[in-house]
Amino acid sequence: MTATATPPSTADWRSRYRRWLDEVFDQPASVRAVAIARIALGPSVIWHLRPFLADALDGSTYLDVFQQKWWPWVPNAPAGLYVALLWVGVAAAVLMTVGLWSRAATWVTLTVVAYNFFLSETHFRHNRAFLIILLAGVALCDNGRVLSLDARRRQPPDDRALVWPVWLLRFEAAAIYFASGFSKLIDPDWVGGRVMHDRTLRYQDDARDALGDTLGDPILEVLTARAFQWVLSPVAVATELFIAFGIWFRRTRLAAVWVAVAFHVGIEVSAQVEVFSVIAIGALAIWAIPSTRDRTLVTPSRWVRWFDWMARFDITVVPGASWRMVDRDGTVLEGQQARQFVRTRLPATFLFSRFWRYP
Amino acid sequence: MVVQLGLVANGYRDPHNYFAFQPFNESSTYAVELVRVLPDGERVGVPYGRWDGYDWDELIGWRALQGPWRQRHAFSGVDAVVDYLDHALDWMAENTPNDTQTLYLEATVTYYRNARGPYVTVIRSQDRELGGP
């Protein structure tokens with residue numbers, strides 16, 4: 001007898017759509033990933049505010065230099081108040097990271113960063129815009145329920161809260177990769193390698209200074225070749241588009257995350273992008289499925305607990321036992337297979353593990 | 001989500017592509033020749049952006065527009081830089097009260113868009129009110 005698959009009916013799609021809406025807007029889920037983003041954003045905010053504070057310590061603020069207002073109704077803070085606000089932002093970022101008054105601290109941080117950003121169009125950078133979006137998404141979530149001093153003090157029953165802001169953040173993150181990739185795809189100068197080639201030629205002396213002649217010469221010979229950039233540019237565009245779409249699907253998500261990390265490390269090495277690399281890699285946490293400890297793991301190793309920051313496993317450490325992992329769908333993996341699977345799900349080790357799915 | 005999509009679409013007409021996320025969009029370069037134009041039409045060069053005790057680089061305070069006398073990378077593309085320069089000239093005209101002679105500032109911007117060019121565009125500040133501080 002042969003079974004034939006029937007395509008989902010309209011009613012099926014409606015039912016799936018309703019389930020998805022419920023999941024997004026009504027069902028509480030783990031906010032651990034948001035908490036990880038909160039922790040990563042704190043130091044990023046301090047690093048972002050650092051040049052403004054350095055100028056202030058030298059006696060100069062935005063009031064002393066060219067300012068191009070976004071909107072005339074945004075009030076200019078007097079210099080003293082402005083500097084005080086920057087320090088408030090730093091303090092709030094610290095509180096955000098340690099998770100003390102987490103949500104209020106995140107809102108204050110967002111307010112300071114956004115106010116500073118919108119004081120002048122000359123403060124605009126893509127990475128700063130992304131930082132504001134991330135702060136807003138994290139602030140909208142009850143992000144202090146886990147991995148925070150708040151959680152230690154209040155001890156909430158679980159780490160669950162409404163996670164619709166996570167979906168918003170996911171959309172924003174994917175939109176950024178898409179917008180960047182698509183704009184380059186339709187630009188013949190970009191996708192044809194002209195932009196990258198010209199930039200590489202212009203900055204080759206800086207690269208040679210950094211690498212030294214012995215290492216720099218052969219590398220630059222390749223990098224400055226027109227043919228190399230003709231190949232590399234479409235690859236870079238494809239990479240961004242792959243991340244933008246691949247990250248939505250369970251089968252390709254791990255690969256997309258891996259590619260994204262490599263992509264951002266590459267950008268960080270080759271360009272000055274302020275906090276972009278750090279926040280973009282930190283933001284990858286939001287793609288983790290917002291449920292925790294829904295896989296059981298029996299292991300002889302204590303190290304798994306230390307590295308299971310996303311709480312992917314309900315771990316029982318049994319000295320001398322062999323590895324055994326029961327997945328969400330009831331699949332049981334044992335021994336080497338279980339150990340390998342665990343490595344693919346730990347933030348610190350997944351990059352070095354195989355990322356395809358196990359049967 | 002709708003706002004973000006709108007901003008992404010707006011990036012194709014906005015020279016700055018604010019919130020449209022088009023980083024590293026061009027490899028363009030530009031250079032500026034700045035002059036002060038006096039009420040009688042005389043054009044006075046401003047070598048290295050210094051005049052009447054003012055210093056362009058110091059007043060601009062932003063690396064993307066500093067030292068434009070030599071060929072520079074165009075931050076966020078040529079169109080964005082020309083727009084910023086246009087506003088910067090107005091700001092300079094308003095914030096240099098010790099200069100009692102200049103009617104307006106004029107910048108001749110020579111640029112290469114993704115290594116093609118040179119192209120030239122001229123921008124000027126608004127007229128200043130003369131009569132001393």
Open item on the list: Starting from the Kirkwood Rh over alpha-carbon pairs, what translational D in µm² s⁻¹ does the protein assembly as shown have by Stokes-Einstein at 20 °C and 1.002 mPa s?
Closed with: 83
Task: Average other protein chain Cβ within 10 Å of Cβ, residues A:168-179 - done: 3
- [ ] First check a/c for segment A:22-77, with a ≥ b ≥ c the square roots of the eigenvalues of its C-alpha gyration tensor; if it is under 1.5, answer rounded, and if not, answer prolate when a/b is larger than b/c or oblate otherwise.
- [x] oblate
- [ ] Please report Rg over Rh for segment A:237-278, where both radii come from the alpha carbon positions and Rh follows the Kirkwood definition.
- [x] 1.02
- [ ] Kindly give Rg over Rh for segment B:46-94, based on alpha-carbon atoms, with the Kirkwood expression for the hydrodynamic radius.
- [x] 0.95
Task: Nonlocal amide H pairs with residue B:114, under 5 Å, H built at 1.01 Å - done: B:27, B:28, B:29
- [ ] Which order do the peptides A:258-268, A:330-340, A:133-143, B:14-24 take when ranked by the mean count of other beta-carbon atoms within 10 Å per residue, highest first?
- [x] A:133-143, B:14-24, A:258-268, A:330-340
TODO: Mind jotting down the three principal axis lengths of segment A:1-117 based on Cα atoms? Whole angstrom, largest first.
DONE: 83, 34, 24
- [ ] Order the peptides A:170-179, B:121-130, A:8-17, A:111-120 from the highest to the lowest mean number of other Cβ atoms within 10 Å of their residues.
- [x] A:170-179, A:111-120, B:121-130, A:8-17
Task: Given charges at beta-carbon only (K, R positive; D, E negative), |dipole| of segment A:247-314 in Debye - done: 380
Task: Phi to ³J(HN,Hα) by Karplus 6.51 cos²θ - 1.76 cosθ + 1.60 over segment B:47-58, Hz, x for Gly, Pro - done: x, 6, x, 10, 7, 6, x, 9, 10, 3, 4, 5
Task: Taking N as its residue count, the alpha carbon Rg of segment A:277-341 over 2.2 N^0.38 Å - done: 1.23
Task: Computed helical MRE - 222 nm, chain B, DSSP H runs ≥ 4 contributing -39500 (n - 2.57), nearest 500 - done: -7000 deg cm²/dmol
Open item on the list: Just to be sure I follow: if Rg is taken over the C-alpha atoms of segment A:241-359 and Rh is the Kirkwood radius over the same atoms, what is Rg/Rh?
Closed with: 1.02
Open item on the list: Contact order normalised by length for segment A:302-352, with contacts defined as Cα pairs under 8 Å and 6 or more residues apart; what percent is it?
Closed with: 36
Open item on the list: With the cut-off at 1.5 for a/c, could you classify chain B from its C-alpha gyration tensor as rounded, prolate or oblate?
Closed with: prolate
- [ ] In debye, nearest 20, what is the charge dipole magnitude of segment B:35-132 about its Cα centre with +1 on Lys and Arg Cβ and -1 on Asp and Glu Cβ, if you could check?
- [x] 600
Task: Ordering of A:192-198, B:95-101 by packing [mean C-beta count within 10 Å, highest first] - done: A:192-198, B:95-101
Task: Sorted by Cβ neighbour density within 10 Å, fewest at the top, the residues A:274, A:23, B:42, A:240 - done: B:42, A:23, A:274, A:240
TODO: Principal axes first, then extents: for the Cα atoms of segment A:126-226, list largest minus smallest coordinate on each axis, whole Å, largest first.
DONE: 60, 35, 18
Open item on the list: Pairs of alpha-carbon atoms within less than 8 angstrom and 6+ residues apart define the contacts here; what relative contact order does chain A have, in percent?
Closed with: 17
Task: Length-normalised contact order for segment A:249-357 - Cα pairs under 8 Å, 6+ apart - percent - done: 22
Open item on the list: Could you check the spin-label model distance between residue A:296 and residue B:116? Points 7 Å from the Cα along Cα→Cβ, value in nm.
Closed with: 6.6
Open item on the list: Compute the distance from the alpha-carbon center of segment B:14-73 to that of segment A:257-319, in whole Å.
Closed with: 44
Task: 10 Å Cβ neighbours from other chains, averaged over peptide B:20-33 - done: 6
- [ ] Within 10 Å of each Cβ in peptide A:120-131, how many partner chain Cβ atoms are there on average? Round it to a whole number, please.
- [x] 4
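Quick note: the coordinates plus some simple rules give every number you see, no bench work behind them. Predicted model only: the values in this text are computed from it and were never measured. Quick reminder, even Gly has a Cβ in these numbers, built from the backbone with ideal geometry, and neighbours come from all protein chains shown.
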